[in-house]
């Protein structure tokens, strides 16, 4: 049986390779995601100590107390090394009246920093000069921003510092594209002199610890972290082992990989559908061969085993090709991450055995699943029926098809749940795939019926009538490539509509009436002066809101507990992070213009009761609801509140908005500082339309003057340019969506491959049809005209179905991303115009051999 299977594989290798290629593209993208994630995870793990700069990190928004000093003294007595770091954001400017203050992220360090990893500078070794005078180091972005170089002078708070060098590389940075502000290093001894370490300032205090050498450093670090957490038991204190460092990088890369995994899974599913239709056509053509083998002594079970082996070979071949293709794609994706997202990890994409095995097993299982019912049907057809030409095709298998579709939906759900650890994502994706597939299938069937109806209209030219009939009378051949092409173009159009919606929403954030600058850390005593400056230099009334830091101490009488993340899904991890984080509370007695009440009732002025209003997205992520009793720890004092309402917030209104709002009377006396937003634009920019704003300079002379005046009056106040942040977000999203559109084009390519394959697999039937028409007097022009009509009708159907799928998927994705859906009909039509051209081009090219075939020899089956 094995030798017979090998002979059939050698004789049918071209067709089997085509069937494998249908699935290999999707398999390659899935394997690439696994290889990429493994490479990045390994790189993060191998450099985790360097990323953290130590083995352990203790961090808090409050200064460390004696308990922390005592705990660290015990570690240092055992051979550990420790150093302190103070981190905060403030304004940095070049010395002199022309210097414009800009936001900078400051790390104030002690000698010996970093305990792990390196900070490379130009000139080399410049970090040692931080501790010999009033000096600082700037990263390359800060140096470019202020036109600084070694020897330049810059102002930071009350200090004037000399630039000792420029940081060229630092171990702790991995995704440079996601840095909000450039980094500055200075000596920790200068923090007090800077005047920035006052009450209410947003300062992060860190203690970094390097443990003694150990055979298992990861276990030692985790054990030490667990011991410190148990001993200190401080909710305001975070203890991080190096193995858990850089959660932002892990989360960002994980989300990025999840997006590509889901789009790759769509490609895989389209390829699986293409392979299923191809295998069905292949097994139809094998009826005669199977009948002859049965007559020569092969039993039904042996026939089933033979063709099951062939189908499994198709899957295994697709898996091997997919694993090799995934290896190459992962290497390209790493280059993309380095160029598009500023990734600075020494990761290399090796051929991961686990990912390769997964690709092979997944492809083999898919090939078996889509062919098993047809293989059983092939083995059950009586040979005599085939030889008497009473059975030209395999009988339909409705039960097998229904079971296959149900199993496919369950498999998609299980796979997405496994990859993303999110039941919500798995449900949403499975529902989207199932619903879209059903809608496209119905649309394709309706399209074929419409083509058949059009073919019956009187007065049509013969070529047109023949073309329409040929497309409509073979739904088993036409349906797969119509479905795949429509799905590919639909996904492509949906991503473009989401891109347009995001661009429109981000443009609204830059609109002339929207605030462009945020002010942070305005102390209560500074509020009137800062408000006066904002009114003088700004346009319109600035918006200010108080900010009070707190911890959530209890929900309905139960304190939030930290649970091991290994046992939590994506939603559970997100909920735990949200509940255990430090909260920014505010107080107000009325909704601001960017808020809309969704549920419950908002209180009025003078409310004394402990009530709370939650932003609806925050409430959904945390699982909080109306009527829940919350207790906040505000500077050691409990503040109780009952959730009374839920609000929707327009975050792009660029106003001070918060997840949690309480009545004024409840929080007014709590320690606080203020944040604000305002518009500072020159008259030309303010009058500019949204479309032309992007071409105008954001940092006008008026904005620069305001920053200088603010730095003189309140040097501790930080200014965040929301426009620059939106530009950064736009750039990152543009890169991401471009990559996703590349995947969508692969879906289109799979559809074209299915079209070409359907024509190739049915080449004998097409040559016979062409020969019969030639024998009846048809010329090559008539044949080409008929096929041109058929493929043009297929292109038009693809365009219409793809546009409908694009609108549906685009609206669904926009809702998932919480973006206002803004369809762009002209742009979508231009993008999908290729759907009208590609099917005729590919179809006519694949049909060319049928035009050249000799009619007599074809009809005699001598070819």
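The values are calculated or read from the model by the stated rules, or taken from the named source; none is laboratory data. Just so you know, these numbers come straight off a predicted model, no measurement behind them. Neighbour counts run over all protein chains shown; Cβ positions are idealised from the backbone, glycine included.
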Given the options 122, 170, 192, name the one that is at pLDDT below 95, more than 26 Å from residue 549 (Cβ to Cβ) and surrounded by fewer than 17 Cβ atoms within 10 Å (Cβ to Cβ).
122
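Select from segment 634-663 the residues that are more than 18 Å from residue 620 (Cβ to Cβ) and surrounded by 18 or more Cβ atoms within 10 Å (Cβ to Cβ) and list them in ascending order.
Residues of segment 634-663 that are more than 18 Å from residue 620 (Cβ to Cβ), as a first pass: 634-642, 652-656, 662-663.
Of everything in segment 634-663, those that are more than 18 Å from residue 620 (Cβ to Cβ) and surrounded by 18 or more Cβ atoms within 10 Å (Cβ to Cβ) turn out to be 634, 639, 641, 652, 653, 654, 655, 656, 662, 663.
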Single condition residue 28 does not satisfy, out of (1) farther than 28 Å from residue 117 by Cβ; (2) more than 36 Å from the chain's Cα centre (by Cα)
(2)
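Of these, 456, 474, 499, 427, which one is under 27 Å from residue 749 (Cβ atoms) and surrounded by fewer than 18 Cβ atoms within 10 Å (Cβ to Cβ)? Write out each step before concluding.
Working: 456 fails: under 27 Å from residue 749 (Cβ atoms); 499 fails: surrounded by fewer than 18 Cβ atoms within 10 Å (Cβ to Cβ); 427 fails: under 27 Å from residue 749 (Cβ atoms).
So the residue among 456, 474, 499, 427 that is under 27 Å from residue 749 (Cβ atoms) and surrounded by fewer than 18 Cβ atoms within 10 Å (Cβ to Cβ) is 474.
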Looking at segment 816-824, can you tell me whether even one residue there is modelled with pLDDT under 85, farther than 29 Å from residue 469 by Cα and buried (at least 20 other Cβ atoms within 10 Å of the Cβ)?
no
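Using the structure shown, decide if residue 604 is surrounded by fewer than 14 Cβ atoms within 10 Å (Cβ to Cβ) and either at pLDDT 85 or above or within 32 Å of the chain's Cα centre (by Cα) (or both). It would help to see each step written out before you state the result.
Details: surrounded by fewer than 14 Cβ atoms within 10 Å (Cβ to Cβ): yes; either at pLDDT 85 or above or within 32 Å of the chain's Cα centre (by Cα) (or both): yes.
Taking the combined requirement at face value, the residue satisfies it.
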So, of the residues in segment 198-237 that are at pLDDT 85 or above and closer than 22 Å to residue 90 by Cβ, which turns out to be surrounded by the fewest Cβ atoms within 10 Å (Cβ to Cβ)?
204
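Of all the residues that make up segment 593-609, how many are assigned to a loop (DSSP other than H, G, I, E, B) and touching a helix residue (DSSP H, G or I) at 6+ places or on another chain (Cβ under 6 Å)?
Total meeting the criteria: 2.
Within segment 350-385, track down each residue that is loosely packed, with under 15 Cβ neighbours inside 10 Å, assigned to a helix (DSSP H, G or I) and within 43 Å of the chain's Cα centre (by Cα).
Correct list: 353, 354, 357, 361, 365.
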Using the structure shown, decide if residue 492 is over 30 Å from residue 822 (Cβ atoms), at pLDDT below 85 and buried (at least 20 other Cβ atoms within 10 Å of the Cβ).
no
Is it true that residue 80 is over 21 Å from residue 133 (Cα atoms) and modelled with pLDDT of 90 or more?
yes
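Examine segment 464-479 for a residue that is more than 29 Å from the chain's Cα centre (by Cα) and not in a helix (DSSP H, G or I), and state whether such a residue exists.
Restricting attention to segment 464-479, the residues satisfying the condition of being more than 29 Å from the chain's Cα centre (by Cα) are 464-479.
Those left that are additionally not in a helix (DSSP H, G or I): 473-474.
There is at least one residue in segment 464-479 that is more than 29 Å from the chain's Cα centre (by Cα) and not in a helix (DSSP H, G or I).
Of all residues in segment 386-403, count the ones that are part of a helix (DSSP H, G or I), surrounded by fewer than 19 Cβ atoms within 10 Å (Cβ to Cβ) and touching a residue at least 40 places away in the same chain (Cβ under 8 Å).
Filtering segment 386-403 down to residues part of a helix (DSSP H, G or I) leaves 386-387, 398-403.
Now restrict to residues that are surrounded by fewer than 19 Cβ atoms within 10 Å (Cβ to Cβ): 387, 398-403.
From what's left, touching a residue at least 40 places away in the same chain (Cβ under 8 Å): 387.
Counting residues in segment 386-403 that are part of a helix (DSSP H, G or I), surrounded by fewer than 19 Cβ atoms within 10 Å (Cβ to Cβ) and touching a residue at least 40 places away in the same chain (Cβ under 8 Å) gives 1.
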When residue 453 is evaluated against the numbered criteria (1) closer than 21 Å to residue 279 by Cβ; (2) modelled with pLDDT of 90 or more, which criterion, by number, is the only one it fails?
(1)
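Of everything in segment 173-183 that's in contact with a helix residue (DSSP H, G or I) (Cβ under 6 Å, 6 or more places away or on another chain) and outside any helix (DSSP H, G or I), which residue is modelled with the highest pLDDT?
Taking segment 173-183 first, the residues in contact with a helix residue (DSSP H, G or I) (Cβ under 6 Å, 6 or more places away or on another chain) are 174-175, 177, 182.
Restricting the remaining residues to those that are outside any helix (DSSP H, G or I) gives 174-175, 182.
Values: 174: 55, 175: 51, 182: 87.
Going through the qualifying residues, I end up with 182.
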